[in-house]
1. Could you check, for the range 25-33, whether at least one of its residues is in a strand (DSSP E or B) and of a type in the set (Phe, Trp, Tyr)?
2. Mind listing just one residue for me: the one in the range 32-62 that is open to solvent by less than 70 Å² (accessible area, probe 1.4 Å) and aromatic (Phe, Trp, Tyr) and, of those, nearest to the chain's Cα centre (by Cα)?
3. Can you find even one residue in the range 69-76 that is closer than 26 Å to Tyr34 by Cα and part of a loop (DSSP other than H, G, I, E, B)?
4. Is one or more of the residues making up the range 3-13 modelled with pLDDT under 80, open to solvent by 100 Å² or more (accessible area, probe 1.4 Å), part of a helix (DSSP H, G or I) and among the aromatic types (Phe, Trp, Tyr)?
5. Going by what's in this entry, would Asp79 be described as open to solvent by 90 Å² or more (accessible area, probe 1.4 Å), charged (D, E, K, R), under 30 Å from Arg53 (Cα atoms) and over 20 Å from the mean Cα position of the chain (by Cα)?
6. Can you name every residue in the range 88-109 that is surrounded by 10 or more Cβ atoms within 10 Å (Cβ to Cβ) and either at positive phi or among the basic types (Lys, Arg) (or both)?
7. List pairs: first in the range 53-64 and part of a helix (DSSP H, G or I), second among the acidic types (Asp, Glu) and surrounded by fewer than 16 Cβ atoms within 10 Å (Cβ to Cβ), Cβ under 8 Å, 6+ apart or cross-chain?
8. Within the range 40-52, track down each residue that is touching a residue at least 24 places away in the same chain (Cβ under 8 Å) and under 14 Å from His76 (Cβ atoms).
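The values are calculated or read from the model by the stated rules, or taken from the named source; none is laboratory data. Just so it is clear, the structure is predicted and the values come from calculations on it, not from any experiment. Counting neighbours? That spans all protein chains shown, and the Cβs are built from the backbone with ideal geometry, glycine included. What goes into the accessible areas is simple: the full protein's heavy atoms, side chains included, and nothing from ligands, DNA or RNA. Shrake-Rupley method; radii C 1.70, N 1.55, O 1.52, S 1.80 Å.
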Amino acid sequence: MAKSGIKQFLSEIFSWWGGQTWGTRLWIWRFGDYVGSDEFGNQYYQDKKADRRYVTYAGPADASTIGNGWHGWMHHRTDVVPTKANYVAKSWELPHQENLTGTAEAYRPDGSLLNKGERPRVTGDYDAWSPE
């Protein structure tokens, strides 16, 4: 095995955040039926008894990358698979935006320790507690 092959092999056995593990792969092979995939490359399955639904992520395991139509199917809000229903997003459904928490692009309001500026003054409906 090449060096990258061993790394990939060990990653699939021991890590869950970088895709599917061997246990997940075996479970889906044995009990799962492929249902479809979304625009991000995630693949969706349901077991042969149709009471459990699974997703294998195309990249790191991030639940926010599940497409809008697939979210309802994954949470049993609908039994119609989005690929079979020709799903069209509603006008109020926004396209996916990566979770930026912990990155330099994360939201930091004025007064945050990681942002310049001063915290806005308190309005008259709030009195700060003091021990005196």
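1. No - not one qualifying residue is present in the range 25-33.
2. The extreme case among them is Tyr57.
3. Yes, the conditions are met somewhere in the range 69-76.
4. no
5. yes
6. Residue satisfying the conditions is Arg108 alone.
7. Taking only residues 6 or more apart or on different chains, the pairs are Ser64/Glu98.
8. Of everything in the range 40-52, just one residue is touching a residue at least 24 places away in the same chain (Cβ under 8 Å) and under 14 Å from His76 (Cβ atoms), namely Tyr44.
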